[in-house]
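Inspection log for the structure reproduced underneath, given as structure tokens.
The values are calculated or read from the model by the stated rules, or taken from the named source; none is laboratory data. Only a predicted model underlies this, so the values are computations on that prediction, with no experimental measurement involved. Cβ coordinates were reconstructed from backbone atoms using ideal geometry, including for glycine residues, and neighbour counts include every protein chain displayed.
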């Protein structure tokens with residue numbers, strides 16, 4: 001792929017925003033570029049690489065062939081951090097849903113970028129923090145009780161195009177409608193708030209991440 005086109009694609013990736021020309025040139029000159037045809041999987045036998053999807057779409061599943069979909073990767077998605085500085089092999093299967101193009105940053109290039117660009121180092125820390133939040137929400141969904149799921153599905157059914165909801169009933173009536181105690185209802189609201197999925201002010205609720213709420217509790 002043309003170097004100028006790759007450089008333009010980097011503009012859409014938060015990891016590279018504001019890193020300066022010298023750091024960008026380092027990425028373009030040293031990153032390994034790869035095309036992944038539709039239906040093919042990303043090789044994960046290589047160790048110590050951070051992968052950035054620049055074009056196409058990929059689906060992430062567990063290592064078991066019957067595993068359900070865990071995530072969808074689109075242009076700008078960054079993955080491979082779990083084995084960048086340690087770990088053996090891949091922890092998931094990543095398959096191209098459409099013809100895709102990605103670049104790979106190995107350990108040495110990542111180390112050079114972190115040392116050379118404070119902006120890149122901060123961007124990478126922000127990326128890792130975001131991944132921690134995402135995984136915490138995943139853990140919460142796996143351990144969530146039926147009350148959390150009931151409330152999440154109910155809120156999703158009321159959501160308008162902006163993600164805003166204005167409850168028309170009291171907590172007592174809502175708990176009865178959802179067949180749970182008021183204490184369970186309050187705990188479920190707190191659980192969704194702590195996970196960063198909703199914001200609540202009285203009976204006014206904002207679903208801050210409808211897709212994530214659907215992924216975690218809507219199935």
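Some points to look at:
To keep it simple, each residue is scored yes or no on (1) exposed (fewer than 14 other Cβ atoms within 10 Å of the Cβ); (2) in a loop (DSSP other than H, G, I, E, B); (3) assigned by TED's automatic domain parsing to the domain that holds residue 134.
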site: 168; (1), (2), (3): yes, yes, no
site: 176; (1), (2), (3): no, no, no
site: 183; (1), (2), (3): yes, no, no
site: 187; (1), (2), (3): no, no, no
site: 190; (1), (2), (3): yes, no, no
site: 193; (1), (2), (3): no, no, no
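- Among the residues of the range 178-186, at least one is more than 20 Å from the chain's Cα centre (by Cα) and on the phi > 0 side of the Ramachandran plot.
- Any hit, the range 142-162, residues being part of a helix (DSSP H, G or I) and closer than 30 Å to residue 49 by Cα: yes
- Of all the numbered requirements in (1) outside any loop (DSSP other than H, G, I, E, B); (2) at pLDDT 90 or above; (3) farther than 24 Å from residue 112 by Cα, residue 38 misses one, and that requirement is (1).
- Some residue of the range 106-120 being surrounded by fewer than 13 Cβ atoms within 10 Å (Cβ to Cβ) and modelled with pLDDT under 90: no
- No other residue among 203, 182 is touching a helix residue (DSSP H, G or I) at 6+ places or on another chain (Cβ under 7 Å) and farther than 29 Å from residue 72 by Cβ apart from 182.
- Residue match in the range 34-49 (condition: surrounded by fewer than 15 Cβ atoms within 10 Å (Cβ to Cβ), assigned by TED's automatic domain parsing to the domain that holds residue 124 and within 21 Å of the chain's Cα centre (by Cα)): yes
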